[in-house]
Each structure stands twice: as C-alpha cells, then as structure tokens.
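Step one of this worksheet: look at the structure below.
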Amino acid sequence: MKHAFLIIAHGDWEQLKMLLRQIDFPNHDIYIHIDAKVHNYPKAELEKATQYSKIRILSKLKVYWGGYSLTQAELILFRDALNNGPYDYYHLLSGADLLLVNNQMFDLFFEKHRGREFIEFNDEQNEHDPEIKRRTKLYHFLQNYRRRFRSQWLNNIFIFFERCSLLLQLILHVNRVKNLDWQIKLGSEWASVTNDFVIRMLQEEPKISKLFRWTNCSDELLIQTIAFNCGFMDRMYHNSKRADNLRFIDWSRSKNGSPYTFTIADNKLLEGASAGALIARKFSLAKDSEIINQVLKKTENK
C-alpha cells in the first residue's frame, strides 16, 4: 500500500524534522503546507530529512486559525498528493503529531482495514450546541482577524465587530444555508481517508468553497460533511477503544481551544493509547523533549 502524509506546519522545524524521520518509509510520501506568513524556513533541510520518503513542500496560503484558509490549505495538500499519486490512504497531520506505532505496524493496520475511512464524528455536540449551527448559517466576515495581530487589543477590536455583525444577522434571521441539500456534520479535522474519498471531495470543491468560505472553523466540518453526504458512511471504521480517526488527543486538559501538550508524565498514558490509536497530538520540543524521544525510541523501525 502507498500512503501520503499531509502535514500542516508553521514552525518548530526541529520537531517537524523528527516527525518526518519517524514516518520515513519506502511506501510513504510526505506533503507539507507551510504557512505563507512564515519566512526563511529551512526548506532544504526539511527536504533532505528523509531517506526513503519523497517530500514536497508547498507554501501557498497565509493560514489563520478558524478561517477558511486552513480548509483551503488542506484541500491544496489533498489535490497535490492526488496529482502525484494515487495513494491508498491520505493521512492529515499537524506538525505537532507523532506516530504511536512503528511504520510496519502502521502499514499492517491499514492493510487489514483496507477501504475503510477513518473519520471522527461528534454528532452530540453538532446536535445540541447552537454555536455549531451558527458557523454555517451566518457570515463570518472577520474570521481571519480575531487572532491575526500580536497586540491583543487589536484582535479584540475585530472580535467586537465580528460579534456585532453576527448579532445583527441573528436579528435579521440570516440563514445562508437554508436551501442547502447537504447536512452539516462536525468532528476532528485530522483523518485518514482513501483515494476514492479524496477524488470525490475535490470534485465537490466549488460547492465546498461556496458553503465554507464564510464559515467559522470550517476545517472541523469539511471531511465529516463530505463523508455523510457523498456516500461514504457505510465505509466508516468504528473504534471501541479510541476515536474513530485513530488519533489520541487529550481535550480534557486543553486550554484556550488547543489540546493538551503531552509530557514525560504521560508516558504510560501514551503507551496505553497505542492499543486503539496510531497517532497522537500534541507534542512540543520546547515544552518536553523527553517524551518525544521516548515515543521515537519505542516506534523505531525494526
């Protein structure tokens, strides 16, 4: 089987190189989108980080948290990989991820479950949290400005005007998806999907753009909405031990909308997680290098 690893990155180059070396394997290729706001990143070093895996680096978009630009960056990676493929599986990762198993075990798992889609759905939150509905019903014109500036007071100005815009739209009963023939679904953006899925998703790119361009945090809606509305639900993998997308992410200790960063104190926790997950997020070389080194040592190729 051939695998494409699609990585969203914006910094922490030494840690990124560790991830690249970890997933380096003869049937693995790597595609990286680096935030275009970043200048002077070590492109040559990253491209030479692997022995077996081909690496392609793209830097086409300035990516902003919560904005459609993140969804666009993901679609760019999927399209570039498809054009250079095909691949049996496409794995969307962040630069702060690590595998919890070695490459042989990783490949054997997907060989065993060939044809399944590994996507996490959060139907309960989608059904009961009104904020999720407002993501698509209302126009989020200022989504790229709420965390754009180093000065928080400047971000707060745009947050204020964004809230005023949303309140006005609620008063006017704006619903830009009232005639939409898709059901919007919610879940983790991090997924592992088949070539068939990627082809169909990219076929729907004009509709995706129209639907999500003014949507807040559309990256958490894209893959689930495609899966539900485009005939892939009978191919879903269901994991009784961990999330269906095979990712281990600790949201119980999260802060400011970002998942908890693992430390060496979580070593046993991560060992247990590998029973049902293949990938963990997130790690930080600056916060705790020891846990990264432990995971890399345990997942060395034999």
Practice task
Consider Val63 carefully, then state whether it is open to solvent by 20 Å² or more (accessible area, probe 1.4 Å) and within 17 Å of the chain's Cα centre (by Cα).
Solution key: yes
Handout entry: Subset tally (residues that are over 23 Å from Leu108 (Cα atoms) and either part of a strand (DSSP E or B) or hydroxyl-bearing (Ser, Thr, Tyr) (or both)) for segment 272-296
Key = 2
Completion exercise
Reported set for segment 40-65 where residues are farther than 21 Å from Tyr145 by Cβ and part of a loop (DSSP other than H, G, I, E, B) is Asn40, Tyr41, Pro42, Lys48, Ala49, Thr50, Gln51, Tyr52, Ser53, Lys54, Ser59
Handout entry: Single match in Lys37, Lys43, Lys2 (criterion: open to solvent by 50 Å² or more (accessible area, probe 1.4 Å) and in contact (Cβ under 8 Å) with a residue 60 or more places away in the chain)
Key = Lys2
Problem - Filter result (part of a helix (DSSP H, G or I), in contact with a strand residue (DSSP E or B) (Cβ under 9 Å, 6 or more places away or on another chain) and acidic (Asp, Glu)) within segment 101-134 - result: Asp107
Problem - Residues satisfying the stated conditions in segment 7-27, i.e. within 19 Å of the chain's Cα centre (by Cα) and either assigned to a helix (DSSP H, G or I) or crowded, with 22+ Cβ neighbours inside 10 Å (or both) - result: Ile7, Ile8, Ala9, Trp13, Gln15, Leu16, Lys17, Met18, Leu19, Leu20, Gln22, Ile23
Exercise for the section: Scan segment 184-203 residue by residue and report those that are farther than 14 Å from Phe118 by Cβ and crowded, with 16+ Cβ neighbours inside 10 Å. Expected result: Ile184, Lys185, Leu186, Arg200, Met201
Fill in the blank from the handout: In segment 36-66, residues that are out of contact with any helix residue (DSSP H, G or I) (no Cβ under 8 Å at 6 or more places or on another chain) and either more than 16 Å from Ala4 (Cα to Cα) or hydrophobic (A, V, I, L, M, F, W, C) (or both) total 11
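The values are calculated or read from the model by the stated rules, or taken from the named source; none is laboratory data. Nothing here was measured: the structure is a model prediction, and the numbers come from that model. As a convention, Cβ positions derive from the backbone with ideal geometry for all residues, glycine included, and neighbour counts pool all protein chains shown. Note: accessible area is taken over every heavy atom of the protein model, side chains too, but ligands, DNA and RNA are not part of it. Shrake-Rupley method; radii C 1.70, N 1.55, O 1.52, S 1.80 Å.
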